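The values are calculated or read from the model by the stated rules, or taken from the named source; none is laboratory data. All of these numbers come straight from a predicted model, not from anything done at the bench. Cβ: placed from backbone, ideal geometry, glycine included. Neighbour counts: every protein chain shown.
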Amino acid sequence: MTMGGYINMFDDSIFGLFFKLIENLFCEVLPRKICGKNKTVLSRIMSAIIIFLLTGLSIITVIVAAFALFFILDSPTNIINSIIILVLSLTIIIVNILLLIILPKYLLEFESFEDEMDFSYKNGFSRHTVILILQQTKNDCFVLARFCGYLGIRPAVYKKHGKRIGLIDIYKENIYYKTFYLYESDANKNYSVRVYRIKNKLTKTQMIVFASENATLNIRINNTVIPPIVPENKIANFSIYGTVETYDTRGCEEVIINSYKYQLIECKSSKFIGKNEIVM
């Protein structure tokens, strides 16, 4: 077999995947964690220590597995002990690979939406475009985003790290509701209302968002006014209403719109603004 063949075999093996993940950890995650603006010295040091410890443990485990394999081939008398060591080492390697796949998504931080969108697109996380900010808290940034494919436009959430943001929808939890139609719609227009609740599972902050072709809705939940965010049909001919929820509105399944009561009915999935409805 040629040298190129051996290289391809390594790249396609579990060890090849392992070292590619370590490369990603050092080339993508580490620079963002220790070189980003608005980060304290302590947070930079702790991020570097965690990444180096994980990498060090991973490399040591690979070396131990290699020695165990060598002893299996070289010393048949110690084959049982070597097999045990090899199995344990491979188990640790697999666990480390899973950690290296999962952890970077939660460690990544970005300076801007453009930076996050570009990274997500290039690394196969999500193809999306942030259209506008719906509402922000100290630890959350709720946005309206257009997703490629069949998803269309829907609310999304970022975890904030000071003035930086993480990957989109990492901690997202959705509650979908069936689309309903306004009772007082005029004869020529049967206005629909779409409702979407989105929660940041890490911070427990939740937002409720409405979309309708009607730009003059007076929406209330438990006497709490849901204000317009985009009132003039600027988003694909839809007006957007919404607010970060308080104790008074969380879990409430009844909404009053223009003095009429409507029941919010949960469903497994529902499009907010469909791809075929987008007229930008």
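In table form, for the structure just shown:
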| item | result |
| --- | --- |
| Selection count where residues are in a loop (DSSP other than H, G, I, E, B) and surrounded by 15 or more Cβ atoms within 10 Å (Cβ to Cβ), scope the range 216-236 | 2 |
| Residues located in the range 240-280, provided they are over 13 Å from R154 (Cα atoms) and assigned to a strand (DSSP E or B) | T243, V244, E254, V255, I256, I257, Y260, K261, Y262, Q263, E266, C267 |
| Listing of strands (runs of 3 or more DSSP E) fully contained in the range 115-203 that carry 3 or more residues being in contact with a Ser or Thr (Cβ under 6 Å, 6 or more places away or on another chain) | 192-200 |
| Those residues of the range 105-145 which are surrounded by 13 or more Cβ atoms within 10 Å (Cβ to Cβ) and more than 24 Å from I240 (Cβ to Cβ), in sequence order | K105, Y106, L107, L108, E109, F110, E111, D115, F119, Y121, N123, F125 |
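Yes/no matrix, rows are residues, columns are (1) at pLDDT below 90; (2) in contact with a Lys or Arg (Cβ under 9 Å, 6 or more places away or on another chain); (3) crowded, with 21+ Cβ neighbours inside 10 Å:
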| residue | (1), (2), (3) |
| --- | --- |
| F147 | no, yes, no |
| Y150 | yes, yes, no |
| I153 | no, yes, yes |
| R164 | yes, yes, no |
| K172 | no, yes, no |
| D186 | yes, no, no |
| N190 | yes, no, no |
| L202 | no, yes, no |
| S212 | no, yes, yes |
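Okay, residues lined up against (1) acidic (D, E); (2) under 17 Å from the mean Cα position of the chain (by Cα); (3) at pLDDT 80 or above:
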{"position": "S47", "(1), (2), (3)": "no, no, no"}
{"position": "T91", "(1), (2), (3)": "no, no, no"}
{"position": "Y106", "(1), (2), (3)": "no, yes, no"}
{"position": "V130", "(1), (2), (3)": "no, yes, yes"}
{"position": "D140", "(1), (2), (3)": "yes, yes, yes"}
